[in-house]
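Asks: Dumping the structure here so I can ask a few things about it.
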């Protein structure tokens, strides 16, 4: 069997994003796989831009990466009880592409947020946003990292209290990938 490829989509563009750190930890815990971090720094979706120039190259690259990945890791912060504009914008561009890169794609959803609920509302919204794409979203356990800035050590390792659950989610994702390959 060839090496699996995981693509990470972080809903935060911040350099030291806890959501990006969470994705990196998920990939580390997943184990033997190539991990690619997607670039979601895309222009704002604009139908006029799309009509003039089509899908921007950065958005097309993202679509291709999703299609080629064996599995996708998604992590979102919670902004005003929902997902970030960065992540929603990426989903909007992806929805405008030809084909269905998400269809049947194994996906693991997680969140890291400053609040006590760890992004639970954002994660619920993200799952709703994914419904039209029809991926295979791993059902759990839910990874809701609360007080996220205090949950990673100096080298980016996640607090052990979350590690067991993240490991179980990565096992579920791996099983979904094996089943769909």
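The values are calculated or read from the model by the stated rules, or taken from the named source; none is laboratory data. The shown structure was predicted, so the numbers you read here are calculated from the model rather than taken from an experiment. Backbone-built Cβ (ideal geometry, glycine too); neighbour counts: all protein chains shown.
Asks: State which residue is surrounded by the fewest Cβ atoms within 10 Å (Cβ to Cβ) when the search covers only the stretch 1-12 and only residues that are in contact with a strand residue (DSSP E or B) (Cβ under 7 Å, 6 or more places away or on another chain) and either more than 16 Å from residue 114 (Cα to Cα) or without any contact (Cβ under 8 Å) to a residue 12 or more places away in the chain (or both).
Replies: At the first step, the residues of the stretch 1-12 found to be in contact with a strand residue (DSSP E or B) (Cβ under 7 Å, 6 or more places away or on another chain) are 3-11.
Right, trim to either more than 16 Å from residue 114 (Cα to Cα) or without any contact (Cβ under 8 Å) to a residue 12 or more places away in the chain (or both) and you get 3-9.
Working: 3: 8, 4: 20, 5: 16, 6: 24, 7: 24, 8: 22, 9: 28.
This residue is 3.
Asks: Pull out all pairs, ordered by first then second residue, where Cβ-Cβ is under 6 Å, the residues are six or more apart or on different chains, the first lies in the stretch 129-143 and is in contact (Cβ under 8 Å) with a residue 60 or more places away in the chain, and the second is assigned to a loop (DSSP other than H, G, I, E, B).
Replies: Going by the 6 Å Cβ cut-off, the qualifying pairs are 135/102; 135/105.
Per-residue answers, yes or no, for (1) over 13 Å from the mean Cα position of the chain (by Cα); (2) in a strand (DSSP E or B); (3) under 29 Å from residue 158 (Cα atoms):
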site: 6; (1), (2), (3): no, yes, yes
site: 9; (1), (2), (3): no, yes, yes
site: 16; (1), (2), (3): yes, no, yes
site: 21; (1), (2), (3): no, no, yes
site: 25; (1), (2), (3): no, no, yes
site: 42; (1), (2), (3): yes, no, yes
site: 55; (1), (2), (3): yes, no, no
site: 59; (1), (2), (3): yes, no, no
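Asks: Of the residues in the stretch 13-40, how many are under 13 Å from residue 112 (Cα atoms), surrounded by fewer than 22 Cβ atoms within 10 Å (Cβ to Cβ) and modelled with pLDDT of 95 or more?
Replies: 3
Asks: Can I ask one more? Name the residue that is nearest to the chain's Cα centre (by Cα), counting only residues in the stretch 110-134 that are in a loop (DSSP other than H, G, I, E, B) and surrounded by fewer than 22 Cβ atoms within 10 Å (Cβ to Cβ).
Replies: 134
Asks: Please indicate, with yes or no, whether at least one residue in the stretch 94-109 is in contact with a strand residue (DSSP E or B) (Cβ under 7 Å, 6 or more places away or on another chain), modelled with pLDDT of 95 or more and in a helix (DSSP H, G or I). Lay out the reasoning, then the answer.
Replies: First, the residues of the stretch 94-109 that are in contact with a strand residue (DSSP E or B) (Cβ under 7 Å, 6 or more places away or on another chain): 104-109.
Those left that are additionally modelled with pLDDT of 95 or more: 104-109.
Next cut, in a helix (DSSP H, G or I) only: none.
No, the conditions are met nowhere in the stretch 94-109.
Asks: Output the number of the condition that residue 59 fails; it satisfies all remaining conditions of (1) touching a strand residue (DSSP E or B) at 6+ places or on another chain (Cβ under 8 Å); (2) more than 19 Å from residue 143 (Cβ to Cβ); (3) buried (at least 21 other Cβ atoms within 10 Å of the Cβ).
Replies: Unmet condition: (1).
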